[in-house]
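Quick note: the coordinates plus some simple rules give every number you see, no bench work behind them. As the structure is a computational prediction, the values presented were derived from the model and not from experiment. When we count neighbours, we look across all protein chains shown, and the Cβ atoms used for this are built from the backbone with ideal geometry, even at glycine.
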Amino acid sequence: MENQPTKRVTLRNLDDVKRELAKIYREARNGKIETQDLGRYSNCLATLGRIIEGSDLEARITALEEGKP
């Protein structure tokens, strides 16, 4: 099996994660990836989404707290 170069995917915000999740869902529906791989990838993406969400919330709270006297 020949190694193919992998495309780097940007996953910096929830829109990126949502787009990637939709992409792998379509790939599974079209038989390009196994459904068990879809489950693994979607779990990783869901975790990443929660981390991004928490990080964004943390940054917003910090900004609010720094704005207080």
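Taking other C-beta atoms within 10 Å as the exposure proxy, 21, 14, 64 rank 64, 14, 21 from fewest upward. Charge dipole of the chain (Cα centre as origin; +1 on each Lys and Arg Cβ, -1 on each Asp and Glu Cβ, all else neutral): 280 debye, rounded to the nearest 20. Please report the relative contact order for the chain, taking Cα pairs under 8 Å with a sequence separation of at least 6, and give it as a percent rounded to a whole number. RCO, the chain: 32 percent. Recomputing mean projected area of the Cα convex hull in nm² from the coordinates shown identifies the correct label among [x] 5.8; [y] 5.5; [z] 4.8 as [x].
Each of 35, 6 was scored by other Cβ atoms within 10 Å of its Cβ. Arranged with the fewest first, they read 6, 35. Between 0 and 90 degrees, the angle of helix 14-29 with respect to the longest Cα principal axis of the chain falls at about 20 degrees.
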